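The values are calculated or read from the model by the stated rules, or taken from the named source; none is laboratory data. As the structure is a prediction and not an experimental result, all values here were calculated from the model. Here the Cβ is made from the backbone with ideal geometry for all residues, glycine too, and neighbour counts use every protein chain on show.
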Amino acid sequence: MGRPRQFDEERVIRAVCQEFWAKGFDGTSTADLCRVTGLTRSSLYNTFHSKEHLFRRALSYYVSTMTARQATVLDTPAASGLERVRALLAVIVDEETANRESGRGAGCFTVNTITSIASRNPDVARVVEADLDKRLSSLRLALMDGQLDGSVAADRDPGDLAWYVTSLVSGMRVAAQSGAGRTVLEGIASTGIEALTP
């Protein structure tokens, strides 16, 4: 009978998520993973099998957390569709400003993954694609509500608008990594909101 694990698997996933988020898959070594988790190489890989498997677990943890946060913001029945999208963009501004002020300017783990490993790893690409589908779906519903309540232009396809907002969010995160501060990010968000209005 094997010995029981002596560590909290969820804590390990959270720790490696931060490391992969900051350094990416290629920039993170096994030594880095052992350092942030406090585990030996054998303990790490006996449980998680490989660096790639651990990366997928960390990415899945990140996307489920972030997508749930977006869904919560977008699922506010008392607010108009446009107000919900505006609230989402405000969250992005706050997150990126806080990251910059704390010196953690790592951007979005998902965006970083799309521009690096996803194109050469089908399993990672599937995690990213599933997350994108969920985010687009929640945005599309909020935008359709906005079209019904008159706050969002009714002559545009809500699917196209959902892609537009997703691209806007990704662009804001990249801009923040490039040095854009709160004022610039708020200007981008404001311009994006104007493009959605009737």
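Do we have GLY150 as more than 16 Å from CYS108 (Cα to Cα) and in contact with a Lys or Arg (Cβ under 7 Å, 6 or more places away or on another chain) here? Working first, answer last.
Working: more than 16 Å from CYS108 (Cα to Cα): yes; in contact with a Lys or Arg (Cβ under 7 Å, 6 or more places away or on another chain): no.
Criteria not met by GLY150.
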Cβ-Cβ under 6 Å pairs, at least 6 apart or on other chains, the range 29-44 side modelled with pLDDT of 85 or more and charged (D, E, K, R), far side part of a helix (DSSP H, G or I) and surrounded by 12 or more Cβ atoms within 10 Å (Cβ to Cβ): ASP32/GLU19; ARG41/THR30; ARG41/CYS34
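Let's see how each residue does on (1) surrounded by 19 or more Cβ atoms within 10 Å (Cβ to Cβ); (2) among the polar types (S, T, N, Q); (3) in a loop (DSSP other than H, G, I, E, B):
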{"position": "ARG11", "(1), (2), (3)": "no, no, no"}
{"position": "CYS17", "(1), (2), (3)": "yes, no, no"}
{"position": "VAL36", "(1), (2), (3)": "no, no, no"}
{"position": "LEU39", "(1), (2), (3)": "yes, no, yes"}
{"position": "SER43", "(1), (2), (3)": "no, yes, no"}
{"position": "ASN46", "(1), (2), (3)": "no, yes, no"}
{"position": "PHE55", "(1), (2), (3)": "yes, no, no"}
{"position": "ALA58", "(1), (2), (3)": "yes, no, no"}
{"position": "SER64", "(1), (2), (3)": "no, yes, no"}
Answer yes or no: is there a residue in the range 129-144 that is outside any loop (DSSP other than H, G, I, E, B) and closer than 17 Å to ARG14 by Cβ. no
Going through the range 65-89 in order, the residues found to be closer than 25 Å to PHE20 by Cα, in contact (Cβ under 8 Å) with a residue 12 or more places away in the chain and of a type outside the set (A, V, I, L, M, F, W, C) are THR67, ARG69, GLN70
Any residue that is at pLDDT 90 or above and not in a loop (DSSP other than H, G, I, E, B) - is there at least one of those in the range 102-125? no
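Residues checked against (1) surrounded by fewer than 19 Cβ atoms within 10 Å (Cβ to Cβ); (2) not aromatic (Phe, Trp, Tyr):
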| position | (1), (2) |
| --- | --- |
| TRP21 | no, no |
| LYS51 | yes, yes |
| LEU74 | no, yes |
| ALA90 | yes, yes |
